[in-house]
Structure formats: structure tokens, C-alpha cells
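What follows is one structure encoded as C-alpha cells, with my remarks underneath.
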Amino acid sequence: MREIIDISTQDIKPNRAAVLETQGVPPNKELPERILSIFDTAMELLLKFSHPRAILADISIPEFDALYKGEGLNEKETPLGTIFRKADNLALFAVTIGEQVSQKINELFNINEFAKGSMLDAVASVGIDKTGDIMEKHFLDLLRKEEKLTPSTGILRYSPGYCGWHISGQKKLFEFLHPEDIGITLLESYLMKPLKSISGIIVAGNREIHIFKDTFPFCKQCKTHSCRGRIRSMLKKSLKRE
Amino acid sequence: MDILRKISEALQNGNNEKVTMLTKKAVEENISPKEILDKGLIEGMNIIGDKYKNHIIFLPDVLLAAKAMYGGIALLKPMFIEGNMPSAGKVVIGTVQGDLHDIGKNLVGIMLKGAGFEVIDLGNNVPPEKFVRTVKKENASIVGMSTLLTTTMPVMRDVVNLIKKENLEDSIKIIVGGAPVSAEFAREIGADAYSYDSANAVETVKALIAEKDEGKEYKVKSGE
């Protein structure tokens, strides 16, 4: 299976609280109209200038084993290094919302519309993360159609540059998946262009395989520990399906 | 003076039109551009900076205030000799070679300008030689580097080494920041300071300049 998917901009509309959190605003904080109006403008611009597209391809465990070795720069022990070997199904993915949003952000900064530029950047970042959620859901639906789901299946995605998977892993991922077909290119520094793009592996398997402690040596440098929330969310979704 | 207080308040409210209107009025009342800048615009931004640091206001408020400040500055700038605004110091900033992320760096630039610094923003994907060439050409006191990628962090070290090679380490202070960067990394590569966000960057740059002026050595502090 290898498919290219056009995603509706409406589907990537981010939640206001999630966006405002990236701007340092705590949840449930009442905000003045001028800030809310900036959020609304940023949302309109996102819908106008984003063109979400995705590519998804399944990959076997031995194939991913070779790919995951990458340039040999991963941390010695990583959560994903253990998890993927226990998976039932794997799929590589890449998603982008296109270059125009980034261009618009730059334009806004250039005309001193800093608050709008920064808010559009935040809206786009949360939006691109939502496209990742959409890909997880899409893969889940495919597995359901193929009757490959079990009551205990949990689905979670992992990306190069996080949790000990070195960002240079992008090279082999691109060689296998060819996200160029949806307009994503890889720079020498392994940065994806357009900037608002994400890539990685979606792992489907017993939900227990995704549970790990954030006590790896590299976890000390992590400023977010967002794995905790992601694991909780995966468990919640999986248990709900059960 | 009442009008300077009003400029400061309008700026704190992010009211761009009002700041511009009041700045014009202050000029017409023969208040010196330097006084309008220091006691109206920069004073307002300093209050904004403090409120932001203490989580009383949030990033969008700061950025609206910055836009209002830029409106006032645009009016005042031609009134200084050859357009040379008084400056708290000259800072060269950029995102290092290989990285195109520049929102964080832009925010630092905006906040530094708001605090009265002259900022030369080299943009993103900046090669080490360009940092050093610009610092020399502009006779800047500080160079600030940003990156969001672990793969481009070594470029920061290249810039530090190049500055040392050119025997500029006594005249230029180096500050680094960005998601994967830490105080430990700053110390390791020989940078003078690390900053964890835009408000902290302003404080750190002020401290670097003050200590440089006093001939003391700034010690890299741990971030948040």
C-alpha cells in the first residue's frame, strides 16, 4: 500500500486552547477581544493558505529495522527501537500543509504584524500536528477494513528527531517513502521544506507496547515530555474502541 | 510629562494608532525625540517586558505593543542626526546555517528593539563567516545565534571558533538559544550566554553589556 491523500483544510482546524497555550496563555484564561480577533484572523489565513497533503506507505518490520538504523546516529537504547519490533503493522508517513503558510508568516513579520505572524505560526504548528492525528486515524481505518485490528490495538506515531531517533533518520525515510511526491524536500541539515511538515512511522500493535518510562538518558534534555500525554491519549482512544 | 505617560500606556495597550498620534503630538509640543523614545516608548516596552516575564500578559500582548512601538520609532527616526537612533547596544542575530526556523529569533529581535537595542537581523540559514563579517563591519557588541535543530547546533561552535580565530572574543559577547540548546551546551562551545526565551534574551543581553562595560566576565547561567 502506498497512497497520497488530500486532506480538507477544515479537518486541520486547530483547537483554540491548544494554539493559545503555545502563546503562553493558560487554559480557561479570559482574553481581551483584540487577542481573540488575532486568533480568528490567523485561523482564516490558515484555511486560506494551507494545502494539506499526506503520503502513507506500509513497511515491514525487517524493512523498518534497516531504515531505523539510519546513519548510525540514534541513541543506543530508544523507546521506538523496542516498540516497532513488537508491532502488528507499520506505516511510514509524511504530511505537509504547504509552503504558502510559511510565506504568509514571513510577510506578516515583514510588515510589523508580529502578533498575527506569531499566531499564524502557532495555528499552523498545531494544524500540522492535527494532520498527524488524521494519518493515524486513516491508518486505523485501513487496518479495520482489512480486519487487522484487535480490541487491544493501540496506534501511535514516532518521528525522527524525537525520543532518541536521530533526525538524520529522515534520509532513509525519504529514500523509502519519497515525500517529494507531495512537495516535501529534505535539506542537507535533514530539515523538511515546507517547514510545516511532519514525517515518521505509525506503529499499530497491542497498546501495551507503546508504554515506556521517560527515564532514558536523553529524556533529561527533553523540555516537553509530551510522550506522557501522547501515551495517555493513545490508551484512552484504544480503550474507548474496546 | 503627561503625554509621555499616555504614550507608554497606549503602547502597553497595543494601540498602534494612538501611539503614533501621541508621538506626533509630543513632537509638536517640542519634546525631544530622545525623551519621547526613552520615557514614552522604551518605558512602555519595559513595563510590557516585566509583565510578560511575570506571566501577567502573554506573547500576543507583547507583539501588539511592539508593533505600536515600531510606529512611534518610525516617526522619531528621521529626527535623529542621519537617522541614527540612540542605542543601548548593537546586536547581530540570526538562525544558523542549515536551519530555516526563525520565529524564535524574530521574537528575540523584536524584544531587543523594544528595549532600545539596535538589531541587525541576518535572517535564517546564516553561514558562520557572515555572522563574523557582519559583527566586524557593524562593530557590534553582541552576536546572537538561534537554532531549532540538533544537526545545526555544531554551526554555533563554528561561529564561536571563528570569533576566537579572529581575536574578537574580548570585544564580542556570544549568546545562543533555541529549543535543543541549553546552558550546558553554551558553556561547552565557549559561548558567553544562553537564553531560554525572548524576554530572558533581553535581560541576558543587558547583563552581558553591563558586565562587558565593567570589564567583568559573564558566567553562563542555567536556564529554565
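A search for C-beta distances below 8 Å between a residue of segment B:144-170 that is free of Cβ contacts under 8 Å to residues at least 40 places away in the same chain and any residue that is open to solvent by 70 Å² or more (accessible area, probe 1.4 Å), counting only pairs 6+ apart in sequence or on different chains, returns B:Leu162/B:Glu129; B:Ile163/B:Glu169; B:Glu166/B:Lys136; B:Leu168/B:Lys136. Going residue by residue through segment A:80-91, is there one that turns out to be more than 30 Å from A:Lys220 (Cβ to Cβ), surrounded by fewer than 20 Cβ atoms within 10 Å (Cβ to Cβ), more than 14 Å from chain B (Cβ to nearest Cβ) and out of contact with any His (no Cβ under 8 Å at 6 or more places or on another chain)? For segment A:80-91, residues more than 30 Å from A:Lys220 (Cβ to Cβ), surrounded by fewer than 20 Cβ atoms within 10 Å (Cβ to Cβ), more than 14 Å from chain B (Cβ to nearest Cβ) and out of contact with any His (no Cβ under 8 Å at 6 or more places or on another chain): present.
Taking the conditions (1) out of contact with any Gly (no Cβ under 8 Å at 6 or more places or on another chain); (2) within 12 Å of another protein chain (Cβ to nearest Cβ) in turn, B:Phe58 satisfies each one other than (1).
Set side by side, the residues A:Ala18, A:Ala57 differ, and just one is within 23 Å of the chain's Cα centre (by Cα) and either buried (at least 22 other Cβ atoms within 10 Å of the Cβ) or within 26 Å of A:Asp181 (Cβ to Cβ) (or both), which is A:Ala57.
Each residue in segment B:172-208 was checked for being farther than 18 Å from B:Gln97 by Cα and in a strand (DSSP E or B), and 4 of them qualify.
Quick grid of which residues meet (1) surrounded by fewer than 21 Cβ atoms within 10 Å (Cβ to Cβ); (2) more than 14 Å from chain B (Cβ to nearest Cβ); (3) in a helix (DSSP H, G or I); (4) at negative phi:
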residue	(1), (2), (3), (4)
A:Lys76	yes, yes, no, yes
A:Phe93	no, yes, no, yes
A:Asn112	yes, no, no, no
A:Met119	no, no, yes, yes
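You will find that of B:Gly114, B:Gly98, B:Gly104, the residue that is open to solvent by 30 Å² or more (accessible area, probe 1.4 Å), touching a residue at least 40 places away in the same chain (Cβ under 8 Å) and either acidic (Asp, Glu) or within 14 Å of chain A (Cβ to nearest Cβ) (or both) is B:Gly104 and no other. Restricting attention to segment A:176-196, does a residue exist that is facing chain B (nearest Cβ under 10 Å) and closer than 30 Å to A:Leu239 by Cα? No, there is no match, as no residue in segment A:176-196 is facing chain B (nearest Cβ under 10 Å) and closer than 30 Å to A:Leu239 by Cα.
Among the residues making up segment B:133-152, those that are within 23 Å of B:Ala207 (Cβ to Cβ) and either assigned to a helix (DSSP H, G or I) or open to solvent by 20 Å² or more (accessible area, probe 1.4 Å) (or both) are B:Thr134, B:Val135, B:Glu138, B:Asn139, B:Ser141, B:Ser146.
Just for segment B:20-55: of the residues that are within 14 Å of another protein chain (Cβ to nearest Cβ) and outside any helix (DSSP H, G or I), which one is most open to solvent (accessible area, probe 1.4 Å)? So, considering only residues that are within 14 Å of another protein chain (Cβ to nearest Cβ) and outside any helix (DSSP H, G or I), the one most open to solvent (accessible area, probe 1.4 Å) is B:His55.
The values are calculated or read from the model by the stated rules, or taken from the named source; none is laboratory data. Just so you know, these numbers come straight off a predicted model, no measurement behind them. Every residue, glycine among them, receives a Cβ derived from its backbone with ideal geometry; neighbour counts consider all protein chains shown. The area values use the complete protein model at the heavy-atom level, side chains included, leaving out ligands, DNA and RNA. Shrake-Rupley method; radii C 1.70, N 1.55, O 1.52, S 1.80 Å.
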